[in-house]
Structure formats: structure tokens, C-alpha cells
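Novice: Encoded as C-alpha cells, here's the structure I'll be asking about.
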Amino acid sequence: MRTSKKIKYSWKYIFLPSLLTCFLFGANAQVTTNVRAVSSPAIRTTVNTIISANVNPIINSHVNAVANANVNMVVTPVVAPSVNAVVIATVNPIVTSYLNPEVDVNPDVNVVIAGIDRNEGSWFATIKNDKIRMEFRSDDEEHNWSSNSDFALSDFSSLPKDQKGEFSLKREAGTVLFTGKFDGDLGYGHYKFTADKAFSDHLKSQGIAEIEDRDAFTFFMVNLKSEYVDMLKRNGYNDLSKNNLIAMSSLKIDEAFIQGFKAVGYTDIPPHQLIAMKSMKITPEFIKGFENMGYKDISPNSLISLKSLKIDGDYIKEFADAGYKNIPVHELITLKSLKITPDYIKGFEAIGYKDIDVHSLIPLKSMNITPDYINGFKKLGFTDIPLNELPGLKSTGVTPEYVASMQEKGFKSTDLRKYMRLKSSFSE
């Protein structure tokens, strides 16, 4: 039984800002989370050189909230490990792995509102049970756009049946006047939106910055209300941008959601992290599950990483059963992002490598070193290759096939490091 050893941390937080795009179409949130683990081992040309396998798990939490009236979150984690090894072989290479102790996830919110007038256009509707699915379309062929939004049937006092008529929907941000008719459960016609200037002025007075006239239709579609802004301010969100406000409203981040996190110790979650957490369906119960396994005070960034990679109790238990207990959160994230599994570890144990530390597994996996690769050397008589030499061999391109070909040409040695130097000499 062993615990994961403490690892020296040497590289800086690396992240790519995430883009959260709220279109003008209501509150339908689509979330795409990309997780990319990039390994860049570099081996330098000196005697007793340190071979540094730098594993940089970059977590890109791209939260793309498309506003339609019903919230439909889709989370797609994409894990793409890649290796970029620049290596020159050396004598007595020592492999050292460096891990980032804190994966930085910073999904900046950016609401993209195209400079197209969406205050007028065509509408097409389908009534289903107590809902109306509305499709809004452009009447301008040069600026084509469309959007679907769901509304409650009860939002409309009356609908024109079988003959052309008018009906309207009023919200705090303004009023949409619909002209057209319904034939059974299907309707179509033209619409025009008129903004309520007093509402936009109120938002400005509450410190919501950079509001433009064209934002009013977005506020209407996400059904933004003054009381919602008051609720956010009451819970400590006093300096909101319109981007965050639209995203929070479209995702229906309510007081109960915010208070739920405060109850488990998360009292000051920034808006962009709160948005990402709601988009990915992270709950206080999700946090308590990790606390019950001994993981306390997990940062919001790490919570986002854990959820996006689908790291759960079963995953942690698999490693515990294999002898890897109390693995730190940042190592769990790296292990999962590189798709390191207990079965992968067992493959090495089966050929004689016991008690492999987590930080030693990372360069092995990132450089695609497998038991088959090692067994190839064993067949040539190299039976006890130190674990820390394997990344050097793989990085220099020394394979069992290469060694066999050199032996056929008369270059025979029991020291694999000589083959590394030979390979490097002809590669320069």
C-alpha cells in the first residue's frame, strides 16, 4: 500500500481563456468543455542531464451559452494528450516529472451580439401541450439568422385562430407584437419588438456596464427582471457586466443555487466560475461526495476540471484498490486527462516494475511507453532497464528494432545509453 508522493511543482499555470457566447435567442445553454493535456519532455545535452517530462494539463472550459427559452446543457469533455519531445541522449539520464498543483480554469464570459437588427422579423410557432416553440427568423436575405425559443402557453392571453390577428408578449425589457395566425397547432407571421427604455436605464443605474440599445431584445428573450438583478446584488454580486448578467439569467442561476454553495463553504465564487459550474451541473452534493472521500477545500477551478473529466468516486476507488491512495486532486486531473488507468499500471507491474509513483507514470504514458515496448528490449537481452531510462530511450527514437538493426551491423553493446548516443549522433 502506498500513498502518492509529493511532487515538485515547477511550471506556471497555463490556461486558455474560455468563451461564453450568449446569442440573442433566449436561454438554451450549450456547454463545451475541452480538456487538453500537453506533455513537453526536453532532454538536454550534457553528462548526467536531467530529463524533464513537463506535463501541462491545460483545461479549457469553453462555456458557450446559447440563449433560448429552455435551458439545455450539453457538456462535451475532449481530452487530447500530445507529446512534443526535443531530446539529445545523455549519460545517466535522470527523469523528473513536474506537475501543476492547480489547474487554472478561467472561462471568461463574452456575449457576442452581432450588429444586426433583430427587433423585427418573421415568426413560426408550434404548440405542444402547455408550451409554444417559437422560431424567429430574419426578413433580410443579406443578414440571415434564426432562433428557437420556448414560451409558456399561459404567457399569451389569446392567439388568433384560422384568421390573421395580433397578440403580444410583454416583459420588463419590452414588448413583442406578433401579427399572424394559427392553423391548429401551427402558426406564422411577423413580429416587432419595442424596448422599454426605463428598464435599460434601471440596469445602468444598478452599475451594469456597457449596455447598448440592441441588448434589450436579449434581455427580453432571457426574461431578465429587476428583482433578479436585486437578488444577485443581495448575494454579493455588485459589479456585474451585462455579459455575466445575461449568462446567469439564461442559465437560471437563482438564489437557492448560490446559497447552496455558500452553505458548503464557497462564499465568494466569481460570476464566470458560477456560470461554468451551473453549466456543468456542479452541485453542493457533487462537492460533498469528494469531501466524504477526504478531499477538502477543492477550488472552483478544480471542481470544473473534475466534473469535465468525469472523475468520480468509482474512478478514485479503482486507484485505491490498486494501491494508490490519497492521490491529490491535481494528480487525479492529470491521470485522467492522460487516460492513465490501473490496468495501464498493472501492465508494468506484470513485467517487474513495482510501486511506480504517480509522477513516474506521467512521462511513460505521455510518451506512449508500453509493456510491449519494454518486452521488445527484453528479447534482445536488456532485462533490467531502469524506469527512468525509458523516456530517454523513447524520446531519442531508440526502439528494439533500431537496436537489433545496429547489432546486425556490428554495433553491439550491453549499454542502451550507447545506442541513445549513437541514435542522437546520426539524428543531428
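Computed from the coordinates by the stated procedures, all read-outs in this text should not be read as laboratory data. Remember, it's a predicted structure, so these values are computed and weren't measured experimentally. As a convention, Cβ positions derive from the backbone with ideal geometry for all residues, glycine included, and neighbour counts pool all protein chains shown.
Novice: Work out, step by step, the length gained on full extension between PHE411 and LYS262: first 0.36 nm times the residue separation, then minus their alpha carbon distance; give nm to one decimal.
Specialist: That pair, PHE411 and LYS262, stretches by 46.9 nm at full extension.
Novice: Can you list the HN-Hα couplings for region 340-345, worked out from phi with the Karplus curve (6.51, -1.76, 1.60; θ = phi - 60°), rounded to whole Hz and with x for Gly and Pro?
Specialist: Whole-Hz 3J(HN,Hα) from phi for region 340-345: 7, 10, x, 5, 4, 5.
Novice: Sorted from fewest to most neighbouring beta carbons within 10 Å, what does the list MET280, MET231, MET221 look like?
Specialist: MET231, MET280, MET221
Novice: Compute, for region 219-282, the length of the dipole vector about the Cα centre, with Cβ point charges of +1 (Lys, Arg) and -1 (Asp, Glu) only. Units Debye, rounded to 20.
Specialist: It comes to approximately 140 debye.
Novice: Moving on. With point charges of +1 on the Cβ of Lys and Arg and -1 on the Cβ of Asp and Glu, referenced to the Cα centre of region 115-213, which listed residue (ILE211, SER138, GLY180) lies farthest in the positive direction of the dipole?
Specialist: Farthest towards the positive pole: GLY180.
Novice: Give the order of VAL222, VAL329 when sorted by the count of other beta carbons within 10 angstrom, beginning with the fewest.
Specialist: Exposure proxy ranking, most exposed first: VAL329, VAL222.
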